[in-house]
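Chemist: Take a look at this one; I'll ask things after.
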Amino acid sequence: MKQLAILLMTTIIAFSCKEKESKVEQVEDEKLTEMQQNLSKYVPVELTADLSGLTDNEREMLPILIKAADKMNDLFWYEAYGDCDALLNSISDEDVKKYASINYGPWDRLANNKPFVEGIGEKPKGANYYPADMTKEEFQNAELENKSSLYNFVRRDESGKLFTIPYHKQFESEVKEVSNLLLEASKLAEDGGLKKYLELRAAALSNDEYQESDFAWMDMKNNTLDIVIGPIETYEDQLFGNKAAHEGYVLIKDQEWSKRLEKFSSFLPELQKGLPVDEKYKQEQPGTDSDLNAYDVVFYAGDCNSGSKTIAINLPNDEEVQLKKGTRRLQLKNAMQAKFDKILLPITDVLIAEDQRKHVTFDAFFANTMFHEVAHGLGIKNTINGKGTVRTSLKEYASALEEGKADILGLYMVQQLHAKGELKEDLKDNMVTFMAGIFRSVRFGASSAHGKANMIRFNFFKEMGAFSRNEDGTYAVHFDKMELAMEALSKVILTYQGEGDYDGVGAFVANYGGIPEELQSDLDRLSDANIPVDVIFEQGIETLGL
């Protein structure tokens, strides 16, 4: 009996140990599964393009431009987090390390910057542009050299006093290397406009004086290769929305598609006059020396490669250049096609009413995205009441509101061009594709200006009855009401921008910027269906076969 008791006790202990081991393994599996789920938010896409039309010089230039753009990764890592190597070397789990590389830091850009590395706290609103312990009030009260510059860091000296350091000083060795690469590429450039731009951009990286190179970039018309490089967008600075982040794109122009698009920029002045808002908010004349072209992008780096990836570009951001020259709108056709095929169509099958799914088309997706970029040129850049530019007056809200404006005015442009007979496709295609696009973009999270803009629009449209949710969890667009909602939201946004109404915009974002529980449950269904949120790129010289 005693032996039986001992045997039973031994069996129980052994089973208990195995049970504990099983639970430990289960917890480890759950952790691993959670990170694998995070990684599955992204679907890999090869960035390739047809190089057969390039000249020998252009084929030789391409690797040099890619090498220059690649350096933007190091600079953006510092801006977003700090010491990249120290962080990655501290992470033993390869999946976590890979996810940190995708996010350029330990915060999940698709989950409102939630930390996913043990021991890491909340992401500072000002990223690494300012001291983490600096308050808004401290900055506003400080006397600093070039305080409002887009191109410097704010730091503390040994006594705790704030001071600034320009990018070209902080990154002195890196920008020298990039400048040399751009000059090397310029010697191979057969197009005079590209040659001049590369030379001026090389100089600008060395002194943070970018306007002359922006004008040169606007003057380029006949180049096949292009590179967008330097500190450009201000999304990463969520404290003031002011500091620019480094990024790089290397692009090959699609001449055939570009020829189809070239006429649309000429309609901007006419469309500006017809905006559904009081005359005082549309007195500025948009520049008409603007390009609207299609490109295959062959390399992303830095800010544009972090989290959700850009599929169209509207630059430069300098308000003076925009008013004198307009902007260039670059549609990244191959990246756009990848997102349509791998993300938007699967979302459509889950969340769009069956009888409206036929209206989700690539042509409509391309047009909506294209006119989003064109619509950045509409509206107003400077407030009407002396508060300065819209960007400086609305601070951290400026980017989200500007993206919201471009989305809604882009659809307005489609509507107007349909009425003029310039677009022949069914307007219903644009509206339903636009609705499906909202579901795609809100998944980027509230930390993204694009995600926030789409969330505001979803809630505003819902309030105006522009769509309804069916019992089966799909959504149907009500076309007449959507047109009314487009006009109403356009008026709200353009008025806020014209007035530079910081407090009003803050209340507007707080009211409309949240994700309702019902919508969140629908977005969760997309995750359950293993529909990726965005793409990651397999890219570079080897991928292109160079």
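Chemist: Given ASN368, ASN430, which one is buried (at least 23 other Cβ atoms within 10 Å of the Cβ), modelled with pLDDT of 90 or more, in a helix (DSSP H, G or I) and polar (S, T, N, Q)?
Modeler: ASN430
Chemist: Continuing with this model, one more query. For residues that are of a type outside the set (A, V, I, L, M, F, W, C) and farther than 13 Å from ILE227 by Cα, tally how many sit in segment 180-195.
Modeler: Looking only at segment 180-195, we keep the residues that are of a type outside the set (A, V, I, L, M, F, W, C), and these are 180, 184, 186-187, 190-193, 195.
Filter once more, so that each one left must be farther than 13 Å from ILE227 by Cα: 180, 184, 187, 190-192.
Total satisfying the criteria: 6.
Chemist: If you take the residues in segment 512-526 that are touching a residue at least 12 places away in the same chain (Cβ under 8 Å) and in a helix (DSSP H, G or I), which one is nearest to GLY473 (Cα to Cα)? Break it down into steps so the answer makes sense when it comes.
Modeler: So in segment 512-526, the residues touching a residue at least 12 places away in the same chain (Cβ under 8 Å) come out as 512-516, 518-519, 522-523, 525-526.
Still in the running and in a helix (DSSP H, G or I): 512, 518-519, 522-523, 525-526.
On the way: TYR512: 21, GLU518: 9, LEU519: 10, ASP522: 7, LEU523: 11, ARG525: 10, LEU526: 12 Å.
Restricting to residues being touching a residue at least 12 places away in the same chain (Cβ under 8 Å) and in a helix (DSSP H, G or I), the top hit is ASP522.
Chemist: Right, another one. Give me the helices (runs of 4 or more DSSP H) completely within segment 250-346, filtered to those with at least 3 residues that are surrounded by 21 or more Cβ atoms within 10 Å (Cβ to Cβ), ordered by residue number.
Modeler: Per the criteria, 333-339.
Chemist: Output the residue which, of all residues in segment 208-219 that are free of Cβ contacts under 8 Å to residues at least 60 places away in the same chain and outside any helix (DSSP H, G or I), is surrounded by the fewest Cβ atoms within 10 Å (Cβ to Cβ).
Modeler: GLU209
Chemist: Within the group TYR295, TYR235, TYR281, which residue is touching a His at 6+ places or on another chain (Cβ under 9 Å) and not acidic (Asp, Glu)?
Modeler: Testing whether each residue is touching a His at 6+ places or on another chain (Cβ under 9 Å) and not acidic (Asp, Glu) leaves just TYR235.
Chemist: Which one of ALA398, ALA419 is farther than 25 Å from ALA529 by Cα and either of a type in the set (D, E, K, R) or under 26 Å from the mean Cα position of the chain (by Cα) (or both)?
Modeler: Testing whether each residue is farther than 25 Å from ALA529 by Cα and either of a type in the set (D, E, K, R) or under 26 Å from the mean Cα position of the chain (by Cα) (or both) leaves just ALA398.
Chemist: Go through segment 64-161 and tell me which helices (runs of 4 or more DSSP H), entirely inside it, have 3 or more residues that are charged (D, E, K, R) and more than 30 Å from ARG391 (Cβ to Cβ).
Modeler: 94-103
Chemist: If you don't mind, there's one more thing I want to ask. Taking the residues in segment 191-207 that are buried (at least 20 other Cβ atoms within 10 Å of the Cβ) and among the small types (Gly, Ala, Ser) as candidates, determine which candidate is nearest to PRO166 (Cα to Cα). Break it down into steps so the answer makes sense when it comes.
Modeler: Taking segment 191-207 and keeping what is buried (at least 20 other Cβ atoms within 10 Å of the Cβ), we get 194, 197-198, 200-202, 204-205.
This time we only want the ones that are among the small types (Gly, Ala, Ser), so: 202, 204.
Values: ALA202: 16, ALA204: 13 Å.
Top of the filtered list is ALA204.
Chemist: Here's a follow-up. Can you tell me which residues in segment 156-172 are at negative phi and surrounded by fewer than 16 Cβ atoms within 10 Å (Cβ to Cβ)?
Modeler: ARG156, ASP157, GLU158, SER159, LYS161, PHE163, ILE165, LYS169, GLU172
Chemist: Evaluate segment 478-491: report whether one residue or more is hydrophobic (A, V, I, L, M, F, W, C), part of a strand (DSSP E or B), touching a residue at least 60 places away in the same chain (Cβ under 8 Å) and within 18 Å of GLN415 (Cα to Cα).
Modeler: no
Chemist: Now for a different question. For segment 43-63, which residues satisfy the criterion of being out of contact with any Pro (no Cβ under 6 Å at 6 or more places or on another chain) and either closer than 30 Å to GLN238 by Cβ or not in a helix (DSSP H, G or I) (or both)? Show your work before the answer.
Modeler: Just the residues of segment 43-63 that are out of contact with any Pro (no Cβ under 6 Å at 6 or more places or on another chain), to begin with: 44-63.
The answer is PRO44, VAL45, GLU46, LEU47, THR48, ALA49, ASP50, LEU51, SER52, GLY53, LEU54, THR55.
Chemist: Would you call TYR496 more than 27 Å from ALA367 (Cα to Cα), surrounded by 15 or more Cβ atoms within 10 Å (Cβ to Cβ) and of a type in the set (Ser, Thr, Tyr)?
Modeler: No: the conditions fail for TYR496.
Chemist: Of the residues VAL360, VAL374, VAL390, only one is surrounded by 22 or more Cβ atoms within 10 Å (Cβ to Cβ), within 22 Å of LEU417 (Cα to Cα) and modelled with pLDDT of 90 or more; which?
Modeler: The conditions single out VAL360.
Chemist: Also: Within segment 104-111, is even one residue under 27 Å from the mean Cα position of the chain (by Cα), among the small types (Gly, Ala, Ser) and surrounded by 12 or more Cβ atoms within 10 Å (Cβ to Cβ)? Lay out the reasoning, then the answer.
Modeler: Of all residues in segment 104-111, those under 27 Å from the mean Cα position of the chain (by Cα) come to 104-111.
Narrowing further to those that are among the small types (Gly, Ala, Ser): 105, 111.
Going one step further and asking which of them are surrounded by 12 or more Cβ atoms within 10 Å (Cβ to Cβ), we end up with 105, 111.
Yes, segment 104-111 contains at least one residue that is under 27 Å from the mean Cα position of the chain (by Cα), among the small types (Gly, Ala, Ser) and surrounded by 12 or more Cβ atoms within 10 Å (Cβ to Cβ).
Chemist: Please work out if ALA312 is of a type outside the set (Phe, Trp, Tyr), without any contact (Cβ under 8 Å) to a residue 60 or more places away in the chain and in contact with a helix residue (DSSP H, G or I) (Cβ under 7 Å, 6 or more places away or on another chain). Even if it seems obvious, please write down each step before you answer.
Modeler: Details: of a type outside the set (Phe, Trp, Tyr): yes; without any contact (Cβ under 8 Å) to a residue 60 or more places away in the chain: no; in contact with a helix residue (DSSP H, G or I) (Cβ under 7 Å, 6 or more places away or on another chain): yes.
For ALA312, the condition - of a type outside the set (Phe, Trp, Tyr), without any contact (Cβ under 8 Å) to a residue 60 or more places away in the chain and in contact with a helix residue (DSSP H, G or I) (Cβ under 7 Å, 6 or more places away or on another chain) - is not met.
Chemist: Condition (residue is charged (D, E, K, R), over 17 Å from ALA49 (Cβ atoms), within 24 Å of the chain's Cα centre (by Cα) and modelled with pLDDT of 90 or more) applied to segment 319-327: is it met by at least one residue?
Modeler: Taking segment 319-327 as the starting set, the residues that turn out to be charged (D, E, K, R) are 319-320, 324-325.
Narrowing further to those that are over 17 Å from ALA49 (Cβ atoms): 319-320, 324-325.
Checking which are within 24 Å of the chain's Cα centre (by Cα) leaves us with 319-320, 325.
Okay, now just the ones that are also modelled with pLDDT of 90 or more, so 320.
Yes; the residues of segment 319-327 include at least one that is charged (D, E, K, R), over 17 Å from ALA49 (Cβ atoms), within 24 Å of the chain's Cα centre (by Cα) and modelled with pLDDT of 90 or more.
Chemist: Do you know which residues across segment 173-190 are surrounded by fewer than 18 Cβ atoms within 10 Å (Cβ to Cβ) and not in a helix (DSSP H, G or I)?
Modeler: Within segment 173-190, LYS187, GLU190 meet the criteria.
Chemist: A further question follows. Let me spell it out: the conditions are (1) of a type in the set (A, V, I, L, M); (2) modelled with pLDDT of 95 or more; (3) farther than 15 Å from ARG457 by Cβ, and ALA419 meets all of them except one. Which number is the exception?
Modeler: If we test ALA419 against (1) of a type in the set (A, V, I, L, M); (2) modelled with pLDDT of 95 or more; (3) farther than 15 Å from ARG457 by Cβ, just (2) comes out false.
The values are calculated or read from the model by the stated rules, or taken from the named source; none is laboratory data. Owing to the predicted nature of the structure, the values given are computational and were not obtained by experimental measurement. FYI the Cβ positions are ideal-geometry reconstructions off the backbone, even for glycines, and counts take in every protein chain you see.
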